[in-house]
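Before any comments, here is the structure.
The values are calculated or read from the model by the stated rules, or taken from the named source; none is laboratory data. Model, not experiment: these values are computed from the prediction. All Cβ positions, even for glycine, are placed from backbone atoms using ideal geometry, and neighbour counts span all protein chains on display. Heavy atoms of the whole protein, side chains included, go into the accessibility calculation; ligands, DNA and RNA do not. Shrake-Rupley method; radii C 1.70, N 1.55, O 1.52, S 1.80 Å.
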Amino acid sequence: SITQHSISMNNNMFMKNLEEDYEENLAKSDDLFLSEKAILIQSLNELKENLNKNKDQIEGTRSIDPQMFDYLHPSLVKFQLPSPLPSPSHLNSQFVCETASRLLFLSVNWARKSSVFQSLSNSTQVSLLRNSWSDLFILGLAQCRDQLNLPVVLTVIASHLQNCLGQDSLSLARTRQLVNTLNKIKEIINRMEELSLEPEEFAYLRLCSLFGPDQTSSSLRKVTEPISDCVLSSFRTFYQRS
């Protein structure tokens with residue numbers, strides 16, 4: 001009886017030790033799995049970073065023809081809103097918003113007609129457009145000012161701001177900011193109108209804006225600086241021919 005009790009106690013102790021060893025080994029296995037998973041995730045992140053760096057280096061060192069902008073393709077020179085606009089008496093704030101959207105779309109579509117722009121990665125194209133869209137928009141307003149009847153459009157916007165201010169739907173700070181922006185747009189376009197720019201000159205200014213060297217990251221600057229140099233060189237050549 002004593003012997004059986006002793007054997008039973010030993011068996012219980014053995015089973016308990018076995019369970020503890022199993023749980024300890026299982027915990028070690030889980031820790032090892034998590035550690036290996038973390039290492040794999042880190043390795044994949046490093047691989048992605050290296051691939052992105054290589055992609056930027058490839059774009060930045062792409063061979064460029066220094067005279068590729070000397071003679072612009074007609075599709076880069078032509079810039080015109082396709083649809084006829086209503087008479088000034090029918091202009092309203094909704095139409096102004098729709099026209100602004102069409103002008104932005106026309107600017108993006110213009111950029112995509114550039115073979116150099118098309119050769120860049122999608123992410124680089126998006127970054128360049130994000131950095132230059134406001135300049136491209138102003139240039140579009142200036143070039144299409146007669147077609148848009150721009151003074152009337154700006155008057156419609158000013159009237160809309162007055163209504164919003166009267167209805168307290170815009171804060172004074174926001175209204176002041178918008179009024180300052182309208183005045184700056186009007187001033188810039190008036191100055192450009194005094195220059196009587198040709199369609200080719202507008203095209204070169206767009207290219208300067210799109211591929212400007214003042215980009216937000218070093219990787220983008222590596223891509224745009226050689227292109228910007230080519231644009232400026234061709235711009236000078238255009239004036240020399242004229």
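Just one of the numbered conditions (1) at pLDDT 90 or above; (2) crowded, with 16+ Cβ neighbours inside 10 Å; (3) not in a loop (DSSP other than H, G, I, E, B) is not true of VAL96; which one?
(1)
Does ILE157 meet the test of being among the β-branched types (Val, Ile, Thr) and within 26 Å of the chain's Cα centre (by Cα)?
no
Since THR224 meets every condition but one in (1) touching a residue at least 24 places away in the same chain (Cβ under 8 Å); (2) polar (S, T, N, Q); (3) out of contact with any Leu (no Cβ under 8 Å at 6 or more places or on another chain), which condition does it not meet?
With (1) touching a residue at least 24 places away in the same chain (Cβ under 8 Å); (2) polar (S, T, N, Q); (3) out of contact with any Leu (no Cβ under 8 Å at 6 or more places or on another chain) applied to THR224, the lone miss is (3).
Do you know which residues across the stretch 163-218 are of a type in the set (Val, Ile, Thr), assigned to a helix (DSSP H, G or I) and out of contact with any Leu (no Cβ under 8 Å at 6 or more places or on another chain)?
THR181, ILE188
Test PRO66 against the stated conditions and say whether it is in contact with a Ser or Thr (Cβ under 7 Å, 6 or more places away or on another chain) and either open to solvent by 50 Å² or more (accessible area, probe 1.4 Å) or modelled with pLDDT of 95 or more (or both).
Spelling it out, PRO66 is indeed in contact with a Ser or Thr (Cβ under 7 Å, 6 or more places away or on another chain) and either open to solvent by 50 Å² or more (accessible area, probe 1.4 Å) or modelled with pLDDT of 95 or more (or both).
In the stretch 149-182, what residues are among the aliphatic types (A, V, I, L, M) and free of Cβ contacts under 8 Å to residues at least 40 places away in the same chain?
First, the residues of the stretch 149-182 that are among the aliphatic types (A, V, I, L, M): 150, 152-154, 156-158, 161, 165, 170, 172-173, 178-179, 182.
Of everything in the stretch 149-182, those that are among the aliphatic types (A, V, I, L, M) and free of Cβ contacts under 8 Å to residues at least 40 places away in the same chain turn out to be LEU150, LEU154, ALA158, LEU161, LEU165, LEU170, LEU172, ALA173, LEU178, VAL179, LEU182.
Residues checked against (1) open to solvent by less than 80 Å² (accessible area, probe 1.4 Å); (2) modelled with pLDDT under 90:
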residue: LEU197; (1), (2): yes, no
residue: ALA203; (1), (2): yes, no
residue: SER219; (1), (2): yes, yes
residue: THR224; (1), (2): yes, no
residue: ILE227; (1), (2): yes, no
residue: SER233; (1), (2): yes, no
residue: SER242; (1), (2): no, yes
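Which residues, counting only those in the stretch 128-137, are farther than 10 Å from LEU210 by Cα and hydroxyl-bearing (Ser, Thr, Tyr)?
Matches in the stretch 128-137: SER134 only.
Considering only the stretch 110-162, give the helices (runs of 4 or more DSSP H) lying wholly within it that have at least 1 residues that are modelled with pLDDT under 90, charged (D, E, K, R) and on the phi < 0 side of the Ramachandran plot.
The helices (runs of 4 or more DSSP H) meeting that bar are 145-148.
Within the stretch 205-217, which residues are open to solvent by 50 Å² or more (accessible area, probe 1.4 Å) and of a type in the set (A, V, I, L, M, F, W, C)?
LEU205
In the stretch 130-164, which residue that is open to solvent by less than 30 Å² (accessible area, probe 1.4 Å) and among the small types (Gly, Ala, Ser) is nearest to ARG174 (Cα to Cα)?
The qualifying residue nearest to ARG174 (Cα to Cα) is SER132.
Among all residue pairs at least 6 apart or on different chains, which show Cβ distances below 7 Å where the first residue, located in the stretch 123-148, is within 14 Å of MET192 (Cβ to Cβ) and in contact (Cβ under 8 Å) with a residue 40 or more places away in the chain and the second is β-branched (Val, Ile, Thr) and surrounded by fewer than 17 Cβ atoms within 10 Å (Cβ to Cβ)?
So the pair list comes out as ILE138/ILE188.
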